[in-house]
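Notes follow once the structure below has been shown.
Just so it is clear, none of the values below were taken in a lab; they were calculated from the coordinates. Just so we're clear, the structure is a prediction, and the values are computed from it rather than from any experiment. Cβ atoms come from the backbone with ideal geometry, glycine included; neighbour counts cover every protein chain shown.
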Amino acid sequence: MTTGQPDSPPPLGATATTHGTTFAVWSPGATRVEVCLFDGPDAGLPAETRAVLTKCTQGVWAGTVPGVGPGSRYGFRADGPYDPARGQRFNPNRLLLDPYARAVAGTFDAHGPVYDRVDGWALDSAAYVPKGVVVDDSFDWGDDQAPRRSWADTVIYEAHVRGLTMRHPAVPDQQRGTYAGLARPAVVDELVRLGVTAVELLPVQQFVSEPVVLGRGLVNYWGYNTLGFFAPHGAYSSCGDTGGQVSEFKQLVKAFHAAGIEVLLDVVYNHTAEGPAGGPTLSLRGLGDAAYYRRRADGNYDDLTGCGNTLAASHPAALRLVLDSLRYWVTQMHVDGFRFDLASALARTPHGPDAHAPLLTAIGQDPVLRDVKLIAEPWDATGEGYLLGRFPPAWREWNDRYRDTVRDFWRGRSAGVRELATRLSGSSDLYADDGLRPGGSVNFVTAHDGFTLRDAVSYEHRHNQANGEDSRDGHPDNRTWNGGVEGETDDPDVVVVRQRQAANLLATLLLSNGVPMLTAGDERGRTQAGNNNAFCHDCELTWVDWTALPRWQHLTDLTADLLALRRECAALRPGRPLAWWHPDGRELVHEDWHDQQLATLGMLRSAGPADAGLLVWLHGGDRPADLVLPGHGESPGWDVLLDTSGTHRARTAEPGHVLPVPPRTLVVLRSH
C-alpha cells in the first residue's frame, strides 16, 4: 500500500487509477482509520482485507491500495475516543460507509450489531451493512445537451422510479422498477405526449429503511432516508448494485434529455438514515458525529426533521459534503436541478432559520449550482421553520397555500374568491414580480405525500391501517370532499361529481400562473384506497396502473389538451394582462373581494390590449349559476374549449350572453 501525502490530501472517496485505488476519508477526531476491502463483487462475507490509512492535513486519512479496481467493495473503520456527549462515537467494530461512495452494494440488516449498545459493542457489523463500491466513471455522453427549459415553460411531473414502471406493459419484466425501465421509449414518449418538461424523481440517492419500519414488516418505499449522498440507489438498477447503477442512471438522464425532458432530483440532505442517538452507526456518526449533526445546548441531537437527527449544514465538513454531492450530480450525472426536502432544516444558523444561511449562500455563489433549477420544500418539522416566500430569489418553492386554497374552493369552503384569485395569479403576496423572481410558486394540488387526485375527491378521512400505526400517521386535515360517500362507489350521481371535481382541480392547476407540478398517475385516476401516507408500501397500492380506466380517461385527455394550450396560447404566458370577472358580466369591484358568499370567479387573460384572450370561469358553488360573458355589440364571440360538466362542449357563445352551468364546474373559453 502507498501512503497518502501528509501535506496534500487526495480527493475524498475512492479514486481508481491504473495502479490501484486511492481511498480518502475525513475523520479528524479518529486516532486510527482503516480501509476494509472485500474480495470482489461476487465474494461472500465476511472475507476482509484491511489497510491502515495515513493521517494527512485537514483531518483527512488516505492511502492507495494496489490491485484494487472498479467493482471492489469497501468500507472504513475509525478508532478513537467514545464520548457521545462530545460528539465522539468511534468504534472500530463498526464498518462505515464512505460518505463519498459513488455506488453502494448490499443491504442493511437492522437486527445486526449496528447500534452502540453495551451488549453488542465488541461485535462486528460488516456482515450487516452496505458497502461502498469502487466505480469506473467513464461513460459515453455523446451529444447530450441539457434542455435548459425556462421556468415559464416548465411543467413538473413528480414520479417514483419503481412506481412508474412496475406495471407498465411495455417495460420488460427484468427492467421494471429500474432506471432502465424508466428510460424505455414507451415511458418517455407518454410523458412527451402529455406535455411534461421535467421529471422530478423521488429520492434516488442510496437509502435504507428505518429499523422501526422494518420491524412492522414494511419498507421505506419513498426513500426519504438517505445513507449515501453520491450513489444512485442500487436497488433501482437492472444490472445489479456493484457499479452498473451509475452508468444505468446516466443512460436514463441521456434518454430524457434526448426527448427534451429535464431530470430533477428530490434530495434529502436534512437528515440521514442513522436516525436518533440510539440509531444505527452506519457512516457519518462513526467518522465525525459532532461535525455532521446539529446539537442542542444540552448535547442531545437537535431534531428539526422528525427523523431523529438533523444535518449540521452550517458546519464546514457537512457543508462541503452537501455541496460536493450536488456538484457531482450536476457535472458527472448531468441532472438539471434539485428539490430539497424539508429545506428549512438546512437554512439554519445559531439564531434560527435564515435565508442567508451558509448552504443557501454557498449555492447561490457556486458557478455550477447557481444556474440549475432549485426548488425548496420551505418548511421543516418545526413551526419556526415555515419559510414560504422567504427563500432566495433564484429558488422556487412548493406552495402548500396554493394547494389548500384550491382544494377549499372546490369543496365549497373558501369564504369568497379573494385568496383564490391571489393563488391563480401566481401568489403575488408571496412572490411579487420585482424582476427577480416572477413565478416563484411551484403549484400543486397533490404530491407524493397525501391523497392522490382520485382519492382527494373520494375520501375525506385517511385510511392508513395498513401502515401499522392504527391510522394515526398521515395528515388528519386533508381539505377534501368525497361527494357524499366515503371511498369507492358505483353510485352514478356520486361518480359524475367526482369525475368533475378531479377535472376541476387538475384544470385549475394547469391554468394558473406559476410552475405546475403533477403527481404521477393522477392523470390516470391512480388510487391508494384512501391511504394518505403510503411511504411504506412497495406494491400495487403505490404503483401506477397503466391500464386505461374508462371512468378516469378524461383526466389523461384533459392534461394533454391543457398543457398544449399552455404552450401555445400567448394569453397564458407569465406577465400577460389579467382581469377578474363577476358572474354578472362585469369586473370585480372592492366589495366583491370581501363577499364571502361569492363562489364564482372569472379569470380573463389576454395576450395584449387588442386581444380579448382566454376566459376561465371557476364556479365552486353547489347550485347552478348563470355566467354573463364579457363583451357586447361588436365584441368578439367566445368558443368553449373546456367544460368539466360536459354541458357546453364545442359550443360558440356570443358576448353578453348568459352561459348556464351546473354546480362545481370549470369552463374555458377563447375569443374568436
Q: Using the Kirkwood radius over Cα pairs, work out the Stokes-Einstein diffusion coefficient for the chain at 10 °C and 1.306 mPa s, in µm²/s as a whole number.
A: 60 µm²/s
**Q.** Helix 185-194 vs. the chain, principal-axis angle (Cα, 0 to 90°, nearest 10)
**A.** 40 degrees
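Percent antiparallel among DSSP beta bridges with both residues in segment 251-371, to the nearest 5?
Details: 4 of 8 bridges.
The antiparallel fraction comes to roughly 50 percent.
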Q. Under a no-solvent Debye model with one identical scatterer per Cα of segment 167-218, what's log10 I(q)/I(0) at q = 0.14, 0.20, 0.22, 0.32 Å⁻¹?
A. -0.54, -0.83, -0.90, -1.19
Q.
Using +1 at the C-beta of Lys and Arg and -1 at the C-beta of Asp and Glu, which of Ala318, Leu659, Gly106 has the Cα lying farthest in the positive direction of the dipole of the chain?
A. Ala318
Q | Nitroxide proxy distance, nm - points 7 Å out along Cα→Cβ at Arg86 and Leu541 | A | 4.7 nm
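What is the dipole size for segment 354-436, taken about its Cα centre, with +1 at each Lys and Arg Cβ and -1 at each Asp and Glu Cβ, in debye to the nearest 20? Display every interim value, and only then the final one.
Working: 11 positive and 14 negative charges, 89 e Å.
Computed charge dipole of segment 354-436: roughly 420 debye.
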**Q.** Residues whose placed amide H lies under 5 Å from that of Lys373, excluding near-sequence neighbours
**A.** Gly337, Phe338
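How compact is segment 571-671 by the rule of thumb for globular proteins, expressed as Cα Rg over 2.2 N^0.38 Å?
Details: Rg = 12.9 Å, N = 101, 2.2 N^0.38 = 12.7 Å.
Compared with the compact-globule rule of thumb, segment 571-671 sits at 1.02.
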Q) For the pair Arg573 and Ala415, how long in nm is the line joining their label points, each one 7 Å along Cα→Cβ? A) 3.9 nm
Q | Proximal lysines relative to Lys373, as straight alpha-carbon distance under 22 Å, when same-chain residues fewer than 8 apart are discounted | A | Lys250, Lys254
Q: Please give the contour-minus-distance gain from Trp121 to Arg193: 0.36 nm per residue of separation, less the Cα-Cα distance, rounded to one decimal in nm.
A: 20.3 nm
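Mean shadow of segment 367-523, computed from the convex hull of its alpha carbons, in nm²? Walk me through the numbers on the way to the answer.
Working: hull surface 45.9 nm².
Orientation-averaged projected area of the Cα hull: 11.5 nm².
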**Q.** Burial ordering of Arg576, Arg454, fewest other beta-carbon atoms within 10 Å first
**A.** Arg576, Arg454
Q.
Quick one: 3J(HN,Hα) in Hz for segment 296-313, Karplus 6.51/-1.76/1.60 with θ = phi - 60°, rounded, Gly and Pro as x.
A. 7, 4, 7, x, 7, 4, 9, 8, 9, 10, x, 10, x, 8, 9, 5, 7, 5
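Of all alpha-carbon pairs in segment 589-644, indicate the percentage at a distance above 16 angstrom. Mind dumping the intermediate values first?
Working: 844 of 1540 pairs.
In whole percent, the share of Cα-Cα pairs in segment 589-644 beyond 16 Å is 55.
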Q: Would you kindly state the longest site-free stretch of the chain, with sites defined as chymotrypsin sites (Phe, Trp or Tyr not before Pro) in a DSSP loop (not H, G, I, E, B) surrounded by at most 15 other Cβ atoms within 10 Å?
A: 387-672
Q | 12 Å Cα-Cα reach of Lys55 towards aspartates and glutamates, excluding residues that sit fewer than 8 places from it in its own chain | A | Asp7, Glu34
Q. Where the centre of each part is set by its Cα atoms, how far does segment 310-326 sit from segment 174-190, in angstrom?
A. 33 Å
Q.
At q = 0.23, 0.27, 0.31 Å⁻¹, what log₁₀ I(q)/I(0) does segment 114-157 have when each alpha carbon counts as one equal point scatterer in the Debye sum?
A. -0.93, -1.00, -1.11
**Q.** Sites His351 and Arg472, calculated FRET efficiency, Cβ-Cβ separation with R0 30 Å, nearest 0.05
**A.** 0.30
Q | Assigned charges on the beta-carbon of Lys, Arg, Asp, Glu; the chain dipole about Cα centre (debye) | A | 660 debye
Q: Mind listing the long-range amide H neighbours of Asp98? Cut-off is under 5 Å, sequence gap 5 or more, other chains count too, H placed in the peptide plane at 1.01 Å from N.
A: Phe76, Gly132
Q: With θ set to phi - 60°, apply the Karplus curve 6.51 cos²θ - 1.76 cosθ + 1.60 along segment 642-650 and write out the HN-Hα couplings as whole Hz, x wherever there is a Gly or Pro.
A: 8, 9, 5, 8, x, 6, 10, 4, 6
Q: Report, largest value first, the span of the C-alpha coordinates of segment 194-275 along each principal axis, in whole Å.
A: 42, 28, 22
Q) At each listed q (0.15 Å⁻¹), what is the log10 of I(q)/I(0) that the Debye formula gives for segment 626-672 modelled as equal alpha-carbon point scatterers? A) -0.33
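Taking the Cα centre of segment 478-598 as origin, sum charge times position over the Cβ atoms of Lys and Arg (+1) and Asp and Glu (-1), and report the length of that vector in debye to the nearest 20.
Numbers: 11 positive and 18 negative charges, 104 e Å.
Dipole magnitude for segment 478-598 comes out near 500 debye.
Grab the alpha carbons of segment 338-391, take their convex hull, and tell me the volume per residue in Å³. Mind dumping the intermediate values first?
Values: hull volume 3.6 nm³, N = 54.
So the per-residue hull volume is 67 Å³.
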Q) In nm², what is the average projected area of the convex hull enclosing the Cα atoms of segment 2-133? A) 8.0 nm²
Q. Per-residue HN-Hα couplings for segment 280-287, Karplus 6.51 cos²θ - 1.76 cosθ + 1.60 at θ = phi - 60°, whole Hz, x for Gly and Pro?
A. x, 9, 10, 6, 4, 4, x, 10
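Please compute the Kirkwood hydrodynamic radius over segment 458-518, one decimal place, Å, based on all pairs of different Cα atoms.
Values: mean 1/r = 0.0735 Å⁻¹.
One over the average 1/r among Cα pairs gives 13.6 Å for segment 458-518.
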